[in-house]
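See below for the structure under consideration.
Derivation of every value follows stated rules applied to the coordinates shown; laboratory data play no part. Keep in mind the model is a prediction, meaning the values are calculated, not measured. Cβ sites come from the backbone with ideal geometry, for glycine too, and all protein chains shown count toward neighbours.
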Amino acid sequence: MDQRMVGHEHIAHEAMWIPVATVATLRDVSSRYLDGDRNLAGEVDAIAAAVVNAAHAGNHTPERMLIALRELWRELAPSQHDRLQLSALYDHLVRRTIDRYYNASV
């Protein structure tokens with residue numbers, strides 16, 4: 001039986017300003033990645049854009065944005081095994097989000 005909790009509905013307190021649809025997309029992308037799908041660049045870019053838009057709309061600092069992503073990530077992959085498997089996806093998401101944040105504010 002698969003014990004992953006990628007689909008659970010709780011949203012981290014630090015990430016409550018991120019749209020629910022974006023969190024749902026992140027859950028879906030994480031599940032697909034754990035199932036072996038590696039063709040997710042478009043979805044990662046869309047998630048990054050949505051997080052950045054929400055951060056700018058709420059006047060959140062980039063630090064708060066990254067803390068929110070980290071908290072979501074911890075809840076999406078509670079096991080160490082899943083976190084290790086998702087590390088490359090998380091790295092890609094963080095890089096795209098930072099790039100978009102600073103490019104959008106120029």
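Calculate the FRET efficiency for N59 and V94 from the Cβ-Cβ distance with a Förster distance of 25 Å, rounded to the nearest 0.05. Don't skip to the end; give the middle numbers.
Values: r = 20 Å, r/R0 = 0.82.
So, using R0 = 25 Å, E works out to roughly 0.75.
Under a 10 Å cutoff between Cα atoms, tell me which one of A77, A41, A68 has the largest fluctuation in the Gaussian network model of the chain.
Evaluated over the chain, the most mobile residue of the options is A41.
Over every pair of different alpha-carbon atoms in the stretch 19-106, take the mean of 1/r and invert it; report that Kirkwood radius in Å. It would help to have the intermediate numbers written out before the result.
Working: mean 1/r = 0.0766 Å⁻¹.
Result for the stretch 19-106, one decimal place: 13.1 Å.
Given a 10 angstrom Cα cut-off, can you work out which residue in L34, L72, L26 is the most mobile in a GNM of the chain?
Among L34, L72, L26, the largest mean-square fluctuation in the Gaussian network model of the chain belongs to L34.
Place a point 7 Å from the Cα of Y102 along the Cα-to-Cβ direction; which residues of the stretch 38-54 have their backbone N under 16 Å from it?
So the set is 52.
For the chain, set up a Gaussian network in which alpha carbons nearer than 10 Å are linked by springs, and say which option among D82, D37, D28 fluctuates the most.
D37
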